[in-house]
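One structure is given here, and the rest of the page talks about it.
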Amino acid sequence: TKPSGRCFHRDHQLWVPLTLDDFEAINRCERSLPKNFNFAGDVLDQWSRKEKTGERPASPALWWVNGKEDEVKWSFGELGSLSRKAANVLTKPCGLERGDRVAVILPRIPEWWLIIVACMRTGLVFMPGTTQLTAKDILYRLRASKAKCIVTSEEVIPAVESIVSECPDLKTKLLVSPHNRSGWHSFQELLQTAPAEHSCVETGSQEPMAIYFTSGTTGSPKMAQHSQSSLGIGYTLCGRYWLDLKSSDVIWNMSDTGWIKAAIGSVFSTWLQGACVFAHQMAHFDADTFLDTLTTYPITTLCSAPTVYRMLVQKDLKRYKFKKLRHCLTGGEPLNPEVLEQWKVQTGLELYEGYGQTEVGIICANQKGQEIKPGSMGKGVLPYDVQIIDENGNILPPGKEGEIALRLTSTRPFCFFSEYVDNPEKTAATVRGNFYVTGDRGVMDSDGYFWFVGRADDVIISSGYRIGPFEVESALIEHPAVVESAVVSSPDPIRGEVVKAFVVLSAPFKSANPEKLTLELQDHVKKSTAPYKYPRKVEFVQELPKTITGKIKRNVLRDHEWGRT
Ligand code: BCO
């Protein structure tokens with residue numbers, strides 16, 4: 001009879017768990033998805049078993065440091081037993097039920113991994129968010145998602161407490177902190193007394209697993225929902241061929257826990273391959289600490305935004321002897337060929353760029369062993385058929401610029417996001433003819449390499465962040481000095497592009513000191529919405545370019561910034 005697990009297949013009259021090769025075959029469309037799949041039960045617990053039998057080297061599954069001599073090393077076995085206890089915390093004292101949504105706003109601390117694995121074990125839908133989110137951002141997320149629970153740390157308490165009365169669906173607040181707080185459950189305390197036994201739920205392969213909030217040109221961020229298999233199986237090829245991971249590797253993926261890149265590099269791709277996730281909880285990014293970390297720990301694989309590499313190549317990298325580093329990756333924004341070259345000259349290592357999106361994961365990559373064309377994002381990766389299309393959904397030939405798109409077959413690729421929750425119009429708008437459109441413009445060359453050109457819409461990609469102009473304009477208009485504004489991208493040597501605001505001032509502020517007012521507006525935006533979105537450049541103008549119907553022409557301002565006619 002079939003064992004009580006989830007994703008097994010019948011082989012030689014025996015039921016055996018699906019292996020990494022089976023997951024690879026699913027990604028290559030050579031076999032179908034299992035009916036049920038649960039990453040915790042079907043992947044993590046399998047590695048835990050292999051640890052016991054010696055089929056996996058005795059390196060940690062999670063290795064966390066904070067630069068203050070605190071260190072956590074968990075094997076898959078320890079991660080398993082702690083996350084089972086955490087699962088019991090979520091279901092029993094917190095009263096959460098399968099399918100409930102949980103906002104997880106935590107810095108890079110070990111509990112982030114425990115909570116999301118616990119959500120997997122219990123079938124809860126986790127919604128990661130950066131700790132840079134402000135009260136207004138959190139309010140929007142909790143209300144839009146009807147979240148039942150928020151899990152956060154001390155620094156976010158004031159923001160949550162200021163808006164919680166406006167969130168009728170929220171029934172539990174769980175605090176990850178050594179200190180207790182009235183009105184909050186203490187995660188640490190509950191974890192200590194939670195039962196060790198927990199039976200992982202048999203989630204369906206296409207049951208929701210996570211929701212990521214993602215910015216667009218208009219409106220508030222959309223809720224991109226991913227299934228158990230889109231995240232849990234969909235990163236098999238990414239881990240094996242782009243990240244080039246084996247179970248003996250240690251990968252440091254820098255991304256904040258709020259972004260899908262953390263899920264890709266610090267959870268799914270890595271743990272599918274049984275490799276070790278390394279994390280350094282730095283209060284702020286600091287290049288010296290970063291480089292010291294690479295010299296101190298046996299990190300084999302590094303993944304970071306191009307902005308980080310641009311910051312690092314300002315340093316004399318030859319002074320550093322990296323302990324074990326052998327493979328470096330980048331993504332989230334375009335990498336300039338000069339940085340790739342400088343990194344290679346100074347460290348002797350190539351930089352393998354990948355390109356992807358919150359909605360669909362990795363689309364193109366320079367995979368290990370493939371010739372790198374500096375400035376290109378590499379070739380399309382399986383299971384996707386990546387093409388450049390025109391506005392009517394026709395495929396364009398090599399060398400022609402158009403929109404980067406993924407061919408849709410009769411069924412939606414399993415590694416796609418399922419939908420923008422409660423937003424069928426926006427979900428439908430991602431489809432043009434037989435293609436999913438990324439909103440990015442690019443060119444494919446005759447060798448099948450893709451070259452990024454820019455966004456097809458007004459979204460700004462700065463330091464790897466996807467920033468909606470509307471969100472920044474909405475924050476600016478709250479300030480009494482601002483009559484109206486237009487927010488566009490502007491080139492920047494370190495951050496690729498930055499947010500620039502063109503502002504029309506109200507009469508009382510027209511004679512204000514421009515430097516002081518700029519700082520005031522920047523500070524205002526940082527308080528109103530997550531600070532990474534603040535306009536690093538501000539220009540005061542008499543009026544904004546508009547169409548005859550009065551719509552602001554952001555493209556005119558953007559083209560001017562980029563020196564385009
Ligand atoms: O640079 P400033 O100091 O002027 O401003 C910074 C912070 O100081 C400021 N800030 C942060 N918290 C604040 C605050 N200000 C007031 N109050 C607070 N509580 O806000 C600005 C934030 O900018 P930042 O985050 O870029 O900071 P930083 O230190 O310059 O970090 C540089 C990077 C490169 C480490 C950072 O930008 C970064 O992590 N970028 C990568 C983002 C990323 O991971 N993207 C991937 C998205 S997923 C994806 O692309 C899909 C791919 C498949």
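List of remarks:
- Tally, over the range 169-215, of residues that are more than 30 Å from Pro469 (Cα to Cα) and outside any strand (DSSP E or B): 29
- Failed item in (1) open to solvent by 10 Å² or more (accessible area, probe 1.4 Å); (2) over 21 Å from Leu245 (Cα atoms), with Ser83 passing the rest: (1)
- The single condition among (1) more than 15 Å from Glu359 (Cα to Cα); (2) under 13 Å from the mean Cα position of the chain (by Cα) that Ser248 does not satisfy is (2).
- Summed over the range 531-565, the residues that are of a type outside the set (S, T, N, Q) and outside any loop (DSSP other than H, G, I, E, B) give a count of 16.
- Residues (more than 16 Å from the ligand (Cβ to nearest atom) and either crowded, with 21+ Cβ neighbours inside 10 Å or not charged (D, E, K, R) (or both)) located in the range 438-457: Val443, Met444, Ser446, Gly448, Tyr449, Trp451, Val453, Ala456
- Filter result for Lys510 (under 30 Å from the mean Cα position of the chain (by Cα) and among the basic types (Lys, Arg)): no
- Annotation: of all residues in the range 326-359 being assigned to a loop (DSSP other than H, G, I, E, B) and within 15 Å of the ligand (Cβ to nearest atom), the one that is farthest from Ser418 (Cα to Cα) is Asn336.
- Selection from the range 284-325 of residues that are touching a residue at least 60 places away in the same chain (Cβ under 8 Å), of a type in the set (Ser, Thr, Tyr), assigned to a helix (DSSP H, G or I) and open to solvent by 20 Å² or more (accessible area, probe 1.4 Å): Thr289
- Scanning the range 64-80 for residues that are touching a strand residue (DSSP E or B) at 6+ places or on another chain (Cβ under 6 Å) and open to solvent by 30 Å² or more (accessible area, probe 1.4 Å) yields Glu71, Val72, Lys73, Trp74.
- In this structure, Arg143 does satisfy being without any contact (Cβ under 8 Å) to a residue 40 or more places away in the chain and either out of contact with any Cys (no Cβ under 7 Å at 6 or more places or on another chain) or open to solvent by 40 Å² or more (accessible area, probe 1.4 Å) (or both).
- Among the residues listed as Val483, Val556, Val525, Val538, the single one being more than 25 Å from Leu335 (Cβ to Cβ) and without any contact (Cβ under 8 Å) to a residue 12 or more places away in the chain: Val556
- Matching residues, the range 389-426, being among the β-branched types (Val, Ile, Thr) and either open to solvent by 60 Å² or more (accessible area, probe 1.4 Å) or farther than 15 Å from Val443 by Cβ (or both): Ile395, Thr409, Thr411, Val421
- Flag if Pro34 is open to solvent by less than 80 Å² (accessible area, probe 1.4 Å), touching a Lys or Arg at 6+ places or on another chain (Cβ under 9 Å), over 19 Å from Phe278 (Cβ atoms) and assigned to a loop (DSSP other than H, G, I, E, B): yes
- Some residue of the range 253-275 being in a loop (DSSP other than H, G, I, E, B), at negative phi and of a type in the set (A, V, I, L, M): yes
Residues checked against (1) away from the ligand (no atom under 11 Å from the Cβ); (2) open to solvent by 20 Å² or more (accessible area, probe 1.4 Å); (3) assigned to a strand (DSSP E or B):
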| residue | (1), (2), (3) |
| --- | --- |
| Val499 | no, no, yes |
| Val504 | yes, no, yes |
| Ser511 | yes, yes, no |
| Glu520 | yes, yes, no |
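- Filter pass, Ser255 being open to solvent by 10 Å² or more (accessible area, probe 1.4 Å), hydroxyl-bearing (Ser, Thr, Tyr) and modelled with pLDDT of 95 or more: yes
- In the range 360-385, residue farthest from the ligand (Cβ to nearest atom) [restricted to those that are open to solvent by less than 10 Å² (accessible area, probe 1.4 Å) and not in a loop (DSSP other than H, G, I, E, B)]: Gly378
- Selection from the range 238-252 of residues that are within 16 Å of the ligand (Cβ to nearest atom) and either surrounded by fewer than 23 Cβ atoms within 10 Å (Cβ to Cβ) or part of a strand (DSSP E or B) (or both): Tyr241, Ile251, Trp252
The values are calculated or read from the model by the stated rules, or taken from the named source; none is laboratory data. Values in this document were obtained by computation on a predicted structure and should not be read as measured data. Every residue, glycine as well, gets a Cβ built from its backbone with ideal geometry; the counts of neighbours run over all protein chains shown. Calculation scope for accessible area: heavy atoms of the full protein, side chains included, ligands and nucleic acids excluded. Shrake-Rupley method; radii C 1.70, N 1.55, O 1.52, S 1.80 Å.
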